[in-house]
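Below is one structure, written out as structure tokens, with a few remarks after it.
The values are calculated or read from the model by the stated rules, or taken from the named source; none is laboratory data. Keep in mind that what you see is a predicted model, and the values were worked out from it rather than measured. All Cβ positions, glycine included, derive from the backbone under ideal geometry; neighbour counts span all protein chains shown.
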Amino acid sequence: MPGIRTRALLALGGIALAAALAVLGHLEVNDDLDPWSLTVSDFAVSDRGGVIDAAMAVLAAATAVLIPVLPRVGAGRPAEVLLAAWTAGLVVAALVPTNEPGAPMDTAAYLHRYASVVAFLALPLAGWLLARHQGRAAPWLRALALTSLAFAAAMVWSAYPGDRVLIGLAERLLILTEVGLLAVVAASCAAVTPVRGA
């Protein structure tokens, strides 16, 4: 099994690649798509199987590489389960498309939505739990976890009573914060000495 540092560095590389792909996915869309009012999923469905779907899959793989490291750095089982839920949510969201913007939601779109909700909530909760085991990174993880939950609340407000006002902006800020949280976890794991017996 690769060492903690190797896995953490692989995860960091995957996170960086996923971020680059997500940016590229926003540059290669038609001009009718507005990043302020449409979600990332709306962009992904316009380019089914394209770079945004690939970015989600790469981010899921980067997290999957990191999960086996957690017990070796002293993290508990709940954090592992939450990171696995984040990973599964990303995989489902990448594989199951949402509906086209403006179209009524079908079963696949609901599955995509709730897989995304699981992912968006699981990662900040995992980050909060992991903060106990990450030394100097703990304040960053707590701040990023709370910020993620605040952006998730903003997105929920926008989706329901807010008539989707700036939902795209809220989601992109949420994603940026969560990717940052995951990068802090990976970087912190790369610098950690393994716990004895793990």
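Structure values in brief
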read-out	value
All helices (runs of 4 or more DSSP H) inside segment 1-107 with 2 or more residues being closer than 22 Å to Val165 by Cα and touching a residue at least 60 places away in the same chain (Cβ under 8 Å)	40-46
Tabulated pairs, segment 134-156, first among the basic types (Lys, Arg), second in a helix (DSSP H, G or I) and crowded, with 17+ Cβ neighbours inside 10 Å, C-beta under 8 angstrom, 6+ apart or interchain	Arg136/Ser188; Arg142/Gly127; Arg142/Trp128; Arg142/Ala131
Considering residues of segment 165-198 that are among the hydroxyl-bearing types (Ser, Thr, Tyr) and surrounded by 17 or more Cβ atoms within 10 Å (Cβ to Cβ) only, the residue modelled with the lowest pLDDT	Ser188
Any hit, segment 71-78, residues being among the aliphatic types (A, V, I, L, M), in contact with a Lys or Arg (Cβ under 9 Å, 6 or more places away or on another chain) and surrounded by 22 or more Cβ atoms within 10 Å (Cβ to Cβ)	yes
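Conditions tested, residue by residue: (1) modelled with pLDDT of 95 or more; (2) of a type in the set (A, V, I, L, M); (3) surrounded by fewer than 16 Cβ atoms within 10 Å (Cβ to Cβ).
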residue: Leu82; (1), (2), (3): yes, yes, no
residue: Ala103; (1), (2), (3): no, yes, yes
residue: Ala109; (1), (2), (3): no, yes, no
residue: Trp140; (1), (2), (3): yes, no, no
residue: Tyr160; (1), (2), (3): no, no, yes
